[in-house]
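Here is the structure we will look at.
The values are calculated or read from the model by the stated rules, or taken from the named source; none is laboratory data. This is a predicted model, so every value here is computed, not measured. Just so you know, the surface numbers come from the protein's heavy atoms only, side chains and all, with ligands and any DNA or RNA stripped out. Shrake-Rupley method; radii C 1.70, N 1.55, O 1.52, S 1.80 Å.
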Amino acid sequence: MMDNKWFWVAQNLFLLAVYACGAAMLIDGKTDSVMVWISAIILIAHVLEIPIAMQVLKAKNPAPGRLVLGTLLFGFTWWLPAKKGIYEVF
């Protein structure tokens, strides 16, 4: 299952939905919403994952912008499949 690209794509789509809900609530002024806090915590965790992703994907020589954006948005659900060759790294 973990070698199936759609397993990872589904997780990435879920993360995008969480971010969209959090952003919508933030725009609506609901800064104390649980979804806003969950989105913020996930984003902070992903920022902290950037050095890990750089180390893990060093041999694949990804473009820095793609590495940072992919890790910020998706975290390990992007760089782990990229390491396994499920996602293309360029």
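Here the accessible area is traced with a 1.4 Å probe on the protein chains. For the chain, carbon and sulfur cover 73 percent of it.
Among 18, 56, 34, the residue with the largest mean-square fluctuation in a Gaussian network model of the chain, with springs joining Cα atoms closer than 10 Å, is 34. The residues of the chain present an accessible area of 65 Å² per residue when probed at 1.4 Å with all protein chains retained. Annotation: the chain has a Kirkwood hydrodynamic radius of 13.7 angstrom, from the mean reciprocal C-alpha pair distance.
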